[in-house]
Amino acid sequence: MTAPQAVEATPFTVNAGVGHWLQSYMMMTRWELTSLRMLLPLIVAIQIVIGGGFALGVGLLSDQMPTRAALYLSTGVTVVTLITVGLVMGPQLVANHKTAGTYDFMWSLPVPRTTQAVAWVTVNSVIALPGMVAALLIANWRYDLPLQVTLSIVPAVLLTIVTATMVGYAFAHAIRKPMITQLITTLVIFVILGFAPINFPPENLPDWLATVNLGLPFYHMAVVMRGGLTEGLVTNVGISYLVLGAYTVASVVVAAWVVGRRD
């Protein structure tokens, strides 16, 4: 009787490393873009209408808008188009996933959870950037602005998109009830259009409200964007970069804590 042959152990494959993360990121980005394939052109068109239409519409309130006011308005609409995707549309989509019952399925996918967040930042950029560029071109055509675009616009745009997306990502996942998320996004639109110094200078606000805005990200998003599009319109741009960086880190920590609690 022959002795049984030893069975060679098959090595266990661990899904880890940079290669796996990049592959998962590409898969999640395709997933997000595919899920929005029917709505993506409409969403981009709406972003263009919101930015360009707001610049043109406000201009109707005055026959001759002062150059400084036109600069604030025109650079402000670029900020609005960038942050409404991350702070409004993104959380609403998460709320819809929870309502439709597909939220848990998303978290069951065998990919690192960080890739889902980074993929959503990428998709937000695809959606928001055309609207930002179109809004700026429309505003420049309407008001003939003395814009001075510098290379600092690149980090300004990226940080604005990342900050808005991660803040929206954090509270959308932290709040359990979709209805509350929908109400918060409605409030965000109201605040950024009426009470945040995005489309107008902060001195137009009461002193107490201008002080409150110093602690919110919206004012600082406008500062870094204006720093990359104009010369001498804003100061202390470095402080605004630090504030936005702090908001990004805090929102990442909150989002990581929330998704880390899931099985």
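Can Ile161 be described as on the phi < 0 side of the Ramachandran plot, crowded, with 16+ Cβ neighbours inside 10 Å and in contact with a Leu (Cβ under 7 Å, 6 or more places away or on another chain)?
Here the answer is yes, as Ile161 does meet what is asked.
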- prompt: So which residues in the stretch 137-195 are touching a Pro at 6+ places or on another chain (Cβ under 9 Å) and outside any helix (DSSP H, G or I), if there are any at all?
  reply: Ile175
- request: Test Gly232 against the stated conditions and say whether it is closer than 28 Å to Val258 by Cβ and either at pLDDT 90 or above or of a type in the set (Gly, Ala, Ser) (or both).
  value: no
query: So how many residues does the stretch 101-118 have that are surrounded by 14 or more Cβ atoms within 10 Å (Cβ to Cβ) and small (Gly, Ala, Ser)?
result: 1
message: Of the residues Val149, Val154, only one is closer than 23 Å to Gly59 by Cα, surrounded by fewer than 16 Cβ atoms within 10 Å (Cβ to Cβ) and not charged (D, E, K, R); which?
response: Val149
task: Return yes when Thr75 is surrounded by fewer than 21 Cβ atoms within 10 Å (Cβ to Cβ) and assigned to a helix (DSSP H, G or I) and no when it is not.
output: no
task: Among the candidates Ala139, Ala134, Ala95, single out the residue that is modelled with pLDDT under 90, surrounded by fewer than 23 Cβ atoms within 10 Å (Cβ to Cβ) and closer than 26 Å to Leu216 by Cβ.
output: Ala95
query: Just one of the numbered conditions (1) surrounded by fewer than 20 Cβ atoms within 10 Å (Cβ to Cβ); (2) under 30 Å from Arg113 (Cβ atoms); (3) among the hydrophobic types (A, V, I, L, M, F, W, C) is not true of Leu214; which one?
result: (2)
- line: In the stretch 40-72, residues that are under 18 Å from the mean Cα position of the chain (by Cα) and either within 22 Å of Pro146 (Cβ to Cβ) or outside any helix (DSSP H, G or I) (or both) total 1
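So that you can scan it fast, the table gives a plain yes or no per residue for (1) closer than 19 Å to Thr78 by Cβ; (2) of a type outside the set (A, V, I, L, M, F, W, C); (3) at pLDDT 95 or above:
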{"site": "Tyr169", "(1), (2), (3)": "no, yes, no"}
{"site": "Met179", "(1), (2), (3)": "no, no, no"}
{"site": "Ile184", "(1), (2), (3)": "no, no, no"}
{"site": "Ile198", "(1), (2), (3)": "yes, no, no"}
- prompt: Among the residues of the stretch 235-251, is there at least one that is modelled with pLDDT under 90 and within 19 Å of Ala69 (Cβ to Cβ)?
  reply: yes
task: State which residue pairs qualify: first residue without any contact (Cβ under 8 Å) to a residue 12 or more places away in the chain and inside the stretch 43-71, second residue in a helix (DSSP H, G or I) and surrounded by 12 or more Cβ atoms within 10 Å (Cβ to Cβ) in any location, beta carbons under 6 Å apart, and separation of 6 or more residues or different chains.
output: none
- request: Please verify whether the stretch 109-127 includes one or more residues that are out of contact with any helix residue (DSSP H, G or I) (no Cβ under 6 Å at 6 or more places or on another chain), at pLDDT 85 or above and either over 19 Å from Ser35 (Cα atoms) or not in a helix (DSSP H, G or I) (or both).
  value: no
message: Of the conditions (1) over 20 Å from the mean Cα position of the chain (by Cα); (2) buried (at least 19 other Cβ atoms within 10 Å of the Cβ), Val224 satisfies every one except a single condition; which number is it?
response: (1)
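The values are calculated or read from the model by the stated rules, or taken from the named source; none is laboratory data. Values in this document were obtained by computation on a predicted structure and should not be read as measured data. All Cβ positions, glycine included, derive from the backbone under ideal geometry; neighbour counts span all protein chains shown.
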